[in-house]
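J.: Take a look at this one; I'll ask things after.
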Amino acid sequence: MRYESESGDMTMALTGESLITRALIPFKEPNFLRLRDMIDAADVGFTNAEMLFHDFEGPPAEESAGTFLRCDPRFLRDLKWMGIDIAACAINHAYDYSDVGVLVNKKHLDEAGIPNAGTGRNLTLSRAPAYLDTPKGRVALLSCTDHVNVPAARAIEERPDMKGRPGANHVRTRWIYRCDPETFEALRTLDEKLGFKKDRDAHRRGRFPQHRDADTDDFFHFGPGIGSYDHWHQAGAMRIERAAKINRTTIVDERDWQENLKWIKDARRMADWVMFSFHCGYKGPSPDYPVDHLVQCAHEAIDAGADVFIGHGPHRDQGIEIYRGKPIFYSIGDFILQNDTPELQPASSYDRFGLGWNHTPADFYFTRSRDETIGQDVHKENWQSFVAEVVWAQRQLKKNRLHPIDLGMGLPMGQRGRPVLAEGATTKEILERLRRCSEPFGTTIELAPDGTGVIRPS
């Protein structure tokens with residue numbers, strides 16, 4: 001062989017959410033260093049950078065979900081030391097510190113030598129791949145999210161005569177509600193009597209002529225608005241479809257998703273290995289199971305040329321599928337969970353919990369953590385996860401090894417949140433949960449003598 005990359009061999013270490021706010025390098029526990037060595041030894045180490053690296057150059061956005069995220073940029077060296085080579089940035093927090101925060105975050109990642117995808121100074125650049133050269137071949141990463149905290153977080157495309165706007169690669173998504181015929185007709189009648197249909201028709205004729213999804217015999221839009229993807233959190237009308245029974249599903253905007261598939265196909269021609277990252281904010285039929293559109297998007301991403309699909313967003317593990325010989329991780333949970341130690345929060349964060357100007361960051365974090373709807377102290381699944389070691393030989397998937405990790409639930413804020421290899425009952429608990437989540441996809445996970453889980457290609 002002229003080049004080592006011709007072998008078709010590659011080892012990927014895939015981690016979940018990195019909510020890092022503190023150093024990693026000083027610590028020496030054996031189970032921490034073994035984890036670090038495993039990631040560092042891989043040909044490529046991936047993380048979802050669910051943290052913004054900046055020095056408060058930009059103002060905070062008007063709102064955020066949970067916590068405004070910020071890490072001192074100097075701790076990027078700790079991620080590099082941990083073995084992280086490439087990072088996804090399309091997250092719901094991407095705009096926590098406005099468009100300035102988007103660009104400064106990218107700047108610090110670039111300067112640290114961590115290629116990153118999913119945000120950019122316009123929509124095209126947020127969709128475009130990032131590339132990493134390794135001895136085993138060129139690796140492309142693409143990254144998207146289906147939810148953002150504020151409408152402005154979605155990047156805007158440029159025109160020849162107008163600049164775009166920095167932001168995230170946001171794939172617009174909406175719920176579809178299905179009803180039996182009797183309920184369908186009752187809701188349609190109510191919609192008309194309340195005047196919603198008349199308002200929608202006027203919108204389509206006037207300010208929003210591009211939205212021509214007018215009602216038919218089999219579906220209509222219930223409520224005010226025009227039923228588009230363009231409204232914040234689908235604030236437009238709900239799409240109601242006629243069906244045999246009542247249920248709901250999710251769909252992505254076809255225009256947005258086709259643009260992402262276009263870039264996957266482009267990366268397939270430009271790189272030896274293609275990774276696709278999807279930050280999902282929608283809930284599936286159970287906490288263990290992904291939402292409908294994520295399964296569809298994962299399959300279509302593989303069909304378009306991705307070698308691996310990496311989901312995250314729920315802050316907990318979900319199932320693993322081997323599709324056409326390629327691994328799909330519907331959600332890898334938290335890798336680093338230090339979102340209760342950012343040094344500062346804006347006034348709006350304190351206001352959400354009735355805290356005033358005289359309260360401190362610790363007051364905010366302790367109050368938030370006790371809120372079961374957003375606090376993570378009470379959710380064990382947030383503090384247990386895994387790192388996936390994906391091994392390829394001659395371009396064929398040889399082995400998926402799952403390394404369970406423990407993030408220290410219950411410890412003081414100054415200690416917890418850093419990953420170490422799990423032991424004993426925690427290891428079995430993590431792998432049992434993964435086994436249960438993966439069974440619906442026909443995936444079998446074996447418990448190896450070394451305490452890892454192994455998925456062997458069928």
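J.: In the stretch 56-105, how many residues are over 28 Å from residue 33 (Cβ atoms), within 21 Å of the chain's Cα centre (by Cα) and small (Gly, Ala, Ser)?
T.: Matching residues across the stretch 56-105 total 8.
J.: Please work out which one of (1) crowded, with 24+ Cβ neighbours inside 10 Å; (2) among the hydrophobic types (A, V, I, L, M, F, W, C); (3) assigned to a loop (DSSP other than H, G, I, E, B) is the condition residue 1 fails and give its number.
T.: (1)
J.: I need the full set of residues from the stretch 27-81 which are of a type in the set (Ser, Thr, Tyr) and either modelled with pLDDT of 95 or more or in contact with a Leu (Cβ under 8 Å, 6 or more places away or on another chain) (or both), in order please. Show your work before the answer.
T.: First, the residues of the stretch 27-81 that are of a type in the set (Ser, Thr, Tyr): 47, 64, 67.
47 - this is the single residue of the stretch 27-81 that is of a type in the set (Ser, Thr, Tyr) and either modelled with pLDDT of 95 or more or in contact with a Leu (Cβ under 8 Å, 6 or more places away or on another chain) (or both).
J.: Whether any residue in the stretch 265-275 is in contact (Cβ under 8 Å) with a residue 60 or more places away in the chain, of a type in the set (A, V, I, L, M) and closer than 29 Å to residue 384 by Cα is what I want to check.
T.: Looking for residues that are in contact (Cβ under 8 Å) with a residue 60 or more places away in the chain, of a type in the set (A, V, I, L, M) and closer than 29 Å to residue 384 by Cα, one finds at least one in the stretch 265-275, hence yes.
J.: Would you please name the residue that is nearest to residue 38 (Cα to Cα), looking only at residues in the stretch 399-415 that are modelled with pLDDT of 95 or more and among the charged types (D, E, K, R)?
T.: Filtering the stretch 399-415 for residues that are modelled with pLDDT of 95 or more and among the charged types (D, E, K, R), the one nearest to residue 38 (Cα to Cα) comes out as 401.
J.: How many of the residues making up the stretch 296-314 are surrounded by 21 or more Cβ atoms within 10 Å (Cβ to Cβ) and not aromatic (Phe, Trp, Tyr)?
T.: 12
J.: Look through the stretch 265-281, keep the residues that are open to solvent by less than 50 Å² (accessible area, probe 1.4 Å) and touching a helix residue (DSSP H, G or I) at 6+ places or on another chain (Cβ under 7 Å), and return whichever of them is nearest to residue 10 (Cα to Cα). Spell out the reasoning first.
T.: Of all residues in the stretch 265-281, those open to solvent by less than 50 Å² (accessible area, probe 1.4 Å) come to 266-267, 271, 273-281.
Now drop any that are not touching a helix residue (DSSP H, G or I) at 6+ places or on another chain (Cβ under 7 Å), which leaves 274, 276, 278, 280.
Working: 274: 12, 276: 16, 278: 22, 280: 27 Å.
Once the filter is applied, the top-ranked residue is 274.
J.: Counting only residues that are part of a loop (DSSP other than H, G, I, E, B) and under 20 Å from the mean Cα position of the chain (by Cα), which one in the stretch 4-55 is surrounded by the most Cβ atoms within 10 Å (Cβ to Cβ)?
T.: Out of the qualifying residues, it is 49.
J.: Residue 331 fails exactly one of the following numbered conditions: (1) closer than 30 Å to residue 396 by Cα; (2) part of a strand (DSSP E or B). What is the number of that condition?
T.: Just one mismatch for residue 331, condition (2).
J.: Right, another one. Name the one entry in 139, 100 that is of a type outside the set (D, E, K, R) and touching a Leu at 6+ places or on another chain (Cβ under 8 Å).
T.: It is 139.
J.: Still on this model: Being within 28 Å of residue 302 (Cα to Cα), modelled with pLDDT of 95 or more and either in a strand (DSSP E or B) or touching a Cys at 6+ places or on another chain (Cβ under 6 Å) (or both) is the filter here; which residues of the stretch 155-176 pass it?
T.: Matches in the stretch 155-176: 156, 167, 168, 169, 170, 171.
J.: Hey, any hits in the stretch 153-174 for a residue that's closer than 29 Å to residue 217 by Cβ and either touching a Leu at 6+ places or on another chain (Cβ under 6 Å) or acidic (Asp, Glu) (or both)?
T.: no
J.: Enumerate the pairs (first residue in the stretch 237-248 and outside any strand (DSSP E or B); second residue anywhere and modelled with pLDDT of 90 or more and among the charged types (D, E, K, R)) with beta-carbon separation below 7 Å, excluding pairs fewer than 6 apart on the same chain, so at least 6 apart or on different chains.
T.: Listed by first residue and then by second, the contacts come to 243/178; 243/180; 244/180; 245/180; 246/178; 246/180.
J.: Right, another one. List the number of the failed condition for residue 283; all other conditions in (1) in a strand (DSSP E or B); (2) without any contact (Cβ under 8 Å) to a residue 60 or more places away in the chain hold.
T.: (1)
J.: Ok, one more. Quickly run through the stretch 296-328 and pick out the residues that are farther than 21 Å from residue 252 by Cβ, touching a Pro at 6+ places or on another chain (Cβ under 7 Å) and assigned to a strand (DSSP E or B).
T.: Those that are farther than 21 Å from residue 252 by Cβ, touching a Pro at 6+ places or on another chain (Cβ under 7 Å) and assigned to a strand (DSSP E or B): 320, 322.
J.: Out of all the residues in the stretch 249-264, which are open to solvent by 40 Å² or more (accessible area, probe 1.4 Å), touching a residue at least 24 places away in the same chain (Cβ under 8 Å) and part of a helix (DSSP H, G or I)? Show your work before the answer.
T.: As a first pass, look at the stretch 249-264 and keep what is open to solvent by 40 Å² or more (accessible area, probe 1.4 Å): 251, 254-255, 258-259, 262-263.
Narrowing the set further to residues that are touching a residue at least 24 places away in the same chain (Cβ under 8 Å) leaves 251, 259, 263.
Hits for the stretch 249-264 are 259, 263.
J.: Where residues in the stretch 286-295 are more than 17 Å from residue 146 (Cα to Cα) and assigned to a loop (DSSP other than H, G, I, E, B), which of them is most open to solvent (accessible area, probe 1.4 Å)?
T.: By that ranking, first place goes to 287.
Per-residue answers, yes or no, for (1) open to solvent by 30 Å² or more (accessible area, probe 1.4 Å); (2) closer than 26 Å to residue 314 by Cβ; (3) in contact with a strand residue (DSSP E or B) (Cβ under 7 Å, 6 or more places away or on another chain); (4) in a helix (DSSP H, G or I):
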site	(1), (2), (3), (4)
83	no, yes, yes, no
93	no, yes, no, no
106	yes, yes, yes, yes
110	yes, no, no, yes
113	yes, no, no, no
138	yes, no, yes, no
141	no, yes, yes, no
178	yes, yes, yes, no
183	yes, no, no, yes
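The values are calculated or read from the model by the stated rules, or taken from the named source; none is laboratory data. Bear in mind the structure is a predicted one, so any value in this text is a computation, not a measurement. Counting neighbours? That spans all protein chains shown, and the Cβs are built from the backbone with ideal geometry, glycine included. Ligands, DNA and RNA are excluded from the accessible area calculation, which covers all protein heavy atoms including side chains. Shrake-Rupley method; radii C 1.70, N 1.55, O 1.52, S 1.80 Å.
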